[in-house]
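Take a look at the structure below.
The values are calculated or read from the model by the stated rules, or taken from the named source; none is laboratory data. This one's a predicted model, so the numbers in the text were calculated from it and none came from an experiment. Here the Cβ is made from the backbone with ideal geometry for all residues, glycine too, and neighbour counts use every protein chain on show.
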């Protein structure tokens, strides 16, 4: 079933979804490989700066894919673009749940620490970076992620796969359904588009 050549991306994804519904693990694995980078960026871009590093984005991705798999049976396929949007919405919901859980736990911990001796926690801060350096790096990351959100999906994904996940050109080309030279050209075009956006925003 999965080996017959599809006539379009929409039909290919629809076939993978139907196969995954019927229990074909290989079909779900293909969906996971194809959309993992998209959802990783969605989670990273939606993460508040003060929570970066507090919990693992991989946990968000696992929860999102699990939620998508469970909801797949009742999902009505309306094309690849709608499917991408559906997956991103699931990821945003999972991230929001994690953020609420973290903030709730933080408030509980703060109540427990009220009245504690501040000297008890002296020396706990990482002395490797100054606050200004940390803020500068955080702001730059947020600026880049915000600019990447305005890129076309294919440009955003090739940048994420290459620069954030460190995928090889062979891996990128296979997932994008193009040649390695095509993947390189797409990357250069994406990088140029990102630089233009950053420069318009005053970032050099």
Legend entry - Subset of region 48-68 [more than 16 Å from residue 142 (Cβ to Cβ), free of Cβ contacts under 8 Å to residues at least 12 places away in the same chain and not in a helix (DSSP H, G or I)]: 56
Inset, instruction - Please verify whether region 12-24 includes one or more residues that are within 16 Å of the chain's Cα centre (by Cα), surrounded by 19 or more Cβ atoms within 10 Å (Cβ to Cβ), under 25 Å from residue 177 (Cβ atoms) and not assigned by TED's automatic domain parsing to the domain that holds residue 178. - result: no
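Just one of 45, 20 is touching a helix residue (DSSP H, G or I) at 6+ places or on another chain (Cβ under 9 Å), modelled with pLDDT under 90 and either closer than 20 Å to residue 85 by Cβ or assigned to a helix (DSSP H, G or I) (or both); which is it?
Within the list 45, 20, the selection yields 45.
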Legend entry - Any chance residue 71 is under 15 Å from the mean Cα position of the chain (by Cα), farther than 25 Å from residue 140 by Cβ and surrounded by fewer than 17 Cβ atoms within 10 Å (Cβ to Cβ): no
Inset, instruction - Scan (1) in contact with a helix residue (DSSP H, G or I) (Cβ under 9 Å, 6 or more places away or on another chain); (2) modelled with pLDDT under 90 for the single condition residue 112 breaks and write down its number. - result: (1)
